[in-house]
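Have a look at the structure below, then the notes.
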Amino acid sequence: MRTKSKNYVYLVATSLLTLMMIATIGNSIFNPEFAKRFSAIGFPTYLITPLMIAKALGLIAIWTNKSQLLKVYAYLGFFFLFLLAMLAEINAPVPDYFSPPIALILLLTSYICWENKTEKKIKETNNL
């Protein structure tokens, strides 16, 4: 794949992932059923606020390129979040098999494209 195509794939995957996270954050704020669903899965509702703050901070870390290490940790945090969400949904009374795998696929696509783009920039600077 060409560099321009990889950049488009990265932007689309990261944008869709961002939209999913913003929808989840908005859903947790404006939908009272979200807390019921969260507790039905088996999690305490007091985790909703810190989790949504962590999601917002993770999105900021991914979109701003201030620190590569921080960006890697944001991707890692989202990976564990989506993996655990997928496992929690499997054990839920009414499982949602759709959202966590899609989020995980978008996350991995975004990370792999970003990693390839970053690796290419490092190789180019080392060849100078």
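The values are calculated or read from the model by the stated rules, or taken from the named source; none is laboratory data. What you see is a predicted model; the values in this text were computed from it and never measured. When we count neighbours, we look across all protein chains shown, and the Cβ atoms used for this are built from the backbone with ideal geometry, even at glycine. When the accessible area is computed, the model is the full protein with side chains, heavy atoms only, and any ligands, DNA or RNA have been set aside. Shrake-Rupley method; radii C 1.70, N 1.55, O 1.52, S 1.80 Å.
Between segment 1-72 and segment 88-108, how many Å separate their Cα centres? Taking the Cα centre of each part, segment 1-72 and segment 88-108 sit 14 Å apart. Pairs of Lys residues in the chain are counted when their Cα atoms are under 27 angstrom apart and they lie 8 or more places apart or on different chains; the count is 25. Take the chain, mark every one of the trypsin sites (Lys or Arg not before Pro) that falls in a DSSP loop and has at most 15 other Cβ within 10 Å, then report the longest stretch left between them, sites excluded. Of all site-free stretches, the longest is 3-65. The chain: longest stretch without exposed chymotrypsin sites (Phe, Trp or Tyr not before Pro) (DSSP loop, at most 14 other Cβ within 10 Å), sites themselves excluded? Counting only loop sites that pass the neighbour cut-off, the longest clear stretch is 1-96. Per-atom-type breakdown for the chain gives carbon and sulfur 70% of the accessible area (1.4 Å probe, protein chains only). Against the set [x] 1.00; [y] 1.18; [z] 1.04, the structure's computed Rg/Rh (Cα atoms, Kirkwood Rh) falls on [z].
For the chain, the 222 nm mean residue ellipticity estimated from helices alone, with every DSSP H stretch of n ≥ 4 adding -39500 (n - 2.57) and the total spread over all residues, rounds to -28500 deg cm²/dmol.
Look at the Cα gyration tensor of segment 60-117: its axes a ≥ b ≥ c give a/c of at least 1.5 with a/b over b/c, and that counts as prolate. Averaging the sequence gap over all C-alpha pairs within less than 8 Å and six or more residues apart, then dividing by the number of residues, gives segment 7-128 a relative contact order of 35 percent.
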